[in-house]
Amino acid sequence: EHSRTPYESIGGEPMIAKLVDAFYSRVAKHPDLQPIFPADLTETARKQKQFLTQYLGGPPLYTEEHGHPMLRARHLPFEITPTRAKAWLACMREAMDEVGLSGQVREEFYHRLVLTAHHMINTPEQDR
Ligand code: HEM
């Protein structure tokens with residue numbers, strides 16, 4: 001008898017898709033984030049759906065298409081400040097609220113995202 005992965009517990013592909021779409025509609029409007037993201041977020045969202053699927057224990061969709069995530073290295077071209085990490089996490093919390101992701105599985109997922117987001121910071125706070 002196999003224990004459910006977080007991917008299964010949150011509702012699999014349909015939930016990841018709703019969550020990522022709700023997330024990037026906020027990113028597109030956020031004053032701290034919008035300047036460093038492409039205007040068309042279609043491809044970014046597609047990759048994030050693949051990534052979060054495997055991050056939560058689902059099929060390794062991101063790695064199959066793009067190789068090892070090396071997330072910190074892939075973020076080095078962008079100035080990820082503490083303010084931007086906070087903004088990213090705020091967009092994610094709001095997206096989780098919007099799609100009705102709640103309970104312990106949300107708390108554990110969000111906690112991992114906090115750690116990963118902090119790991120992405122590569123630039124000290126700047127005057128803007
Ligand atoms: C890509 C910003 C945190 C996963 C990107 C891109 C930007 C960005 C600007 C490039 C988008 C594009 O060109 O398509 C940020 C900022 C973060 C953050 C400001 C704040 C800490 C995270 C976290 C995760 C993540 C926590 C995972 C849990 C990804 C993935 C991609 C990506 C999977 C696509 C990589 C690829 O091109 O293959 N991010 N990110 N990011 N980010 Fe983040």
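The values are calculated or read from the model by the stated rules, or taken from the named source; none is laboratory data. Bear in mind that the values here come from a model prediction, so they are computed numbers and not experimental data. Please note: Cβ atoms are built from the backbone with ideal geometry, for glycine as well, and neighbour counts cover all protein chains shown. The area values use the complete protein model at the heavy-atom level, side chains included, leaving out ligands, DNA and RNA. Shrake-Rupley method; radii C 1.70, N 1.55, O 1.52, S 1.80 Å.
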For region 48-65, which residues satisfy the criterion of being touching a residue at least 40 places away in the same chain (Cβ under 8 Å) and among the polar types (S, T, N, Q)? THR53
State whether one or more residues within region 95-106 are farther than 24 Å from GLY12 by Cβ, among the charged types (D, E, K, R) and either more than 9 Å from the ligand (Cβ to nearest atom) or in contact (Cβ under 8 Å) with a residue 60 or more places away in the chain (or both). no
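Considering each residue of region 75-105, count those that are assigned to a helix (DSSP H, G or I) and open to solvent by 90 Å² or more (accessible area, probe 1.4 Å), and give that number.
Initially, region 75-105 is screened for residues assigned to a helix (DSSP H, G or I), giving 75, 82-99, 103-105.
Filter once more, keeping what is open to solvent by 90 Å² or more (accessible area, probe 1.4 Å): 86, 93-94, 97-98, 104.
Number satisfying all stated conditions: 6.
Quick check on my filter: what residues within region 6-20 are farther than 12 Å from LEU52 by Cβ and out of contact with any helix residue (DSSP H, G or I) (no Cβ under 6 Å at 6 or more places or on another chain)? Full working, then the answer.
Step one: filter region 6-20 for residues farther than 12 Å from LEU52 by Cβ, giving 8-9, 11, 14.
Matches in region 6-20: GLU8, GLY11, PRO14.
Checking the condition under 16 Å from the mean Cα position of the chain (by Cα) and small (Gly, Ala, Ser), which residue from GLY11, GLY57 passes? Before you say what the answer is, go through the steps one by one.
On the way: GLY11 fails: under 16 Å from the mean Cα position of the chain (by Cα).
Of the residues listed, the single one that is under 16 Å from the mean Cα position of the chain (by Cα) and small (Gly, Ala, Ser) is GLY57.
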For region 52-64, does any single residue satisfy the condition of being away from the ligand (no atom under 12 Å from the Cβ) and in contact with a Pro (Cβ under 9 Å, 6 or more places away or on another chain)? yes
Every residue from region 26-45 that is free of Cβ contacts under 8 Å to residues at least 40 places away in the same chain, surrounded by 14 or more Cβ atoms within 10 Å (Cβ to Cβ) and within 18 Å of MET96 (Cα to Cα): ALA28, ALA45
Subset tally (residues that are under 15 Å from GLU94 (Cβ atoms), away from the ligand (no atom under 12 Å from the Cβ) and assigned to a helix (DSSP H, G or I)) for region 10-51: 5
